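Peer 1: Below you'll find the structure I mean.
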Amino acid sequence: MHLAWFAWPAAKLTRSSVKLKSPNFGEIKKGAISVTYDDGIVNQFTIAKPIMDSLGLPATFYIITGKVEGSGKGKFIGRDPKEIIAETAKIKTDSTNFFERASLIAFTGTSEAEDYHARAGSLFEQGKVPEAHALIDEGYEKIRKGTMKDTDDVVFHNNVEDTTTWEQYKSYSAQGHEIASHTVTHPRLAALDEVNMLYELEQSKADLLQFIGPESIFSAEGPYGTENERVMEYAHKVYPSLRNRMPEEWLEEINRGSRMTPGESTKEYVQWQRGPISRIDINQMKAWVDTVMTHDNNWLVLVFHGIENLGWEPKTRPELVEYFSYMKANERDLWIATFRDVTKYLRERKGTAINSKVESDAIMIDLTTNLDPETYSVPLTLKTYIPANWTSVRFSQGAQTNTLEILKDEKGNFVVYDANPGSERISLKKSS
């Protein structure tokens, strides 16, 4: 991505910039795309993933961990449910008891009860608080009357066809895909009390860490794309990055419901989320990709759900083949990477200082950062101008060495290379 040039203090010849990198070392891209999938629907792995694999494209899958065998399951944590249900006959729902009641209702047995939880949470997030309270009262009245049977056996977003195992998820991660949290049961987090919200966030993280590893606990997505302030406060303490919101002062976030266009932003980077749902045709989806290639600071985050005949707002196999092939055909200008890796790259880019020392036949460069190198380990791509009389350039950083291709633009000769911030000094040497 296009960034302001950094003037090296030693000489004008050694300006450098850092741009979004690609898996092909030394290439500069115009923008980034992250393909993400929500809910862990089996067709995402049996249909969409093989298409992306055939093109060498990685994806991020936000999975509902409670549906995977061996995981911590969905449950209500708190007082005796019978006591809470009995209280609803005497005391109306209000701000003092809403979170507890909304947390419990989905675990009282039926898909109808879960729907009351989801709808009440939606009303609450829209600011329709009295309506949310009234809906919870209606649901509990049905429970007390027995018209909404208490079976104590519900898993949010349950789908008997979602049979992917932890062994399979681990193998997908090893292939370069990101497997990440979409909570334990896909609740309306904004409607949960503290203990139940933390369970949804922390148990999902614990299972991902146990069954896959630390690479799967960097990013997460709170269900329904919530941006509720209270939820964000808790969730950002559990996960380093959320697709819901990343409140960085240098990042413009345009969510799926926003009519703002990337060109309207004055910030250095733009994260532009779009949802390829059923009614969005392939030409519109391709236009999003074209926009990324038109501007120099865009990160397109695509949010898929259903695939073929399974899941919410499904897209078809032929659409996916055409769309992902279009991305691949334009890979020269696009860095297609997981949500995790693009987030890390941007933070590294903003948190890295560049210092250099210029000698007659060498440029010595240090990249210093306060970020944890164990977590933030995505190499940065640098572009450095070199003296006109250099005919060959040797790059080295630690054990890495290679000869760089010399390129030219209107400003002069330059080289492009990947380097790790917070690692050993970089050396660019003139070689014969």
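Peer 1: Is it the case that some residue within region 387-409 is in contact (Cβ under 8 Å) with a residue 60 or more places away in the chain and under 16 Å from residue 356 (Cα atoms)? Quick ask: steps written out before the conclusion?
Peer 2: Of region 387-409, the ones in contact (Cβ under 8 Å) with a residue 60 or more places away in the chain are 387, 404-405.
Those left that are additionally under 16 Å from residue 356 (Cα atoms): 387.
Yes: one or more hits.
Peer 1: Check residue 169 against each of (1) open to solvent by 30 Å² or more (accessible area, probe 1.4 Å); (2) aromatic (Phe, Trp, Tyr); (3) farther than 26 Å from residue 111 by Cα and name the one condition it does not meet.
Peer 2: If we test residue 169 against (1) open to solvent by 30 Å² or more (accessible area, probe 1.4 Å); (2) aromatic (Phe, Trp, Tyr); (3) farther than 26 Å from residue 111 by Cα, just (1) comes out false.
Peer 1: Let me ask something else about it. Looking at region 218-236, can you tell me whether even one residue there is open to solvent by 40 Å² or more (accessible area, probe 1.4 Å), of a type in the set (S, T, N, Q) and within 26 Å of residue 306 (Cβ to Cβ)?
Peer 2: Looking through region 218-236, none of the residues is open to solvent by 40 Å² or more (accessible area, probe 1.4 Å), of a type in the set (S, T, N, Q) and within 26 Å of residue 306 (Cβ to Cβ).
Peer 1: For region 175-214, what are the residues that are under 17 Å from residue 39 (Cα atoms) and charged (D, E, K, R)?
Peer 2: Keep residues of region 175-214 that are under 17 Å from residue 39 (Cα atoms), which gives 177-189, 200-201, 203-205, 207-208.
Within region 175-214, 178, 188, 200, 205, 207 meet the criteria.
Peer 1: Being modelled with pLDDT of 95 or more, touching a strand residue (DSSP E or B) at 6+ places or on another chain (Cβ under 6 Å) and either open to solvent by 10 Å² or more (accessible area, probe 1.4 Å) or at positive phi (or both) narrows it down to one of 47, 51, so name that one.
Peer 2: 47
Peer 1: Any chance region 403-410 includes a residue that's closer than 22 Å to residue 29 by Cβ and open to solvent by less than 30 Å² (accessible area, probe 1.4 Å)?
Peer 2: Looking through region 403-410, at least one residue is closer than 22 Å to residue 29 by Cβ and open to solvent by less than 30 Å² (accessible area, probe 1.4 Å).
Peer 1: Here is a further query. What number of residues within region 87-103 satisfy the criterion of being open to solvent by less than 60 Å² (accessible area, probe 1.4 Å), in contact (Cβ under 8 Å) with a residue 24 or more places away in the chain and not acidic (Asp, Glu)?
Peer 2: The initial filter retains those residues of region 87-103 that are open to solvent by less than 60 Å² (accessible area, probe 1.4 Å), namely 87-88, 93-94, 97-103.
So of that shortlist, the ones also in contact (Cβ under 8 Å) with a residue 24 or more places away in the chain come out as 88, 93-94, 98-103.
Cutting the leftovers down to not acidic (Asp, Glu) gives us 88, 93, 98-99, 101-103.
Final tally of qualifying residues: 7.
Peer 1: Kindly provide the set of residues from region 242-263 that are in contact with a His (Cβ under 7 Å, 6 or more places away or on another chain) and surrounded by 13 or more Cβ atoms within 10 Å (Cβ to Cβ), ordered by number. Please lay out each step first, then the result.
Peer 2: Within region 242-263, the first condition is being in contact with a His (Cβ under 7 Å, 6 or more places away or on another chain), and the residues that meet it are 242, 262-263.
Listed by number, the residues that qualify are 242, 262.
Peer 1: Here's another thing I want to ask about it. Any idea which of 312, 335 is touching an Asp or Glu at 6+ places or on another chain (Cβ under 9 Å) and farther than 23 Å from residue 259 by Cβ?
Peer 2: After applying the criteria, what remains is 335.
The values are calculated or read from the model by the stated rules, or taken from the named source; none is laboratory data. All values derive from a computational prediction rather than experimental measurement. Cβ coordinates were reconstructed from backbone atoms using ideal geometry, including for glycine residues, and neighbour counts include every protein chain displayed. Heads up: the accessible areas ignore ligands, DNA and RNA and are worked out on the full protein's heavy atoms, side chains in. Shrake-Rupley method; radii C 1.70, N 1.55, O 1.52, S 1.80 Å.
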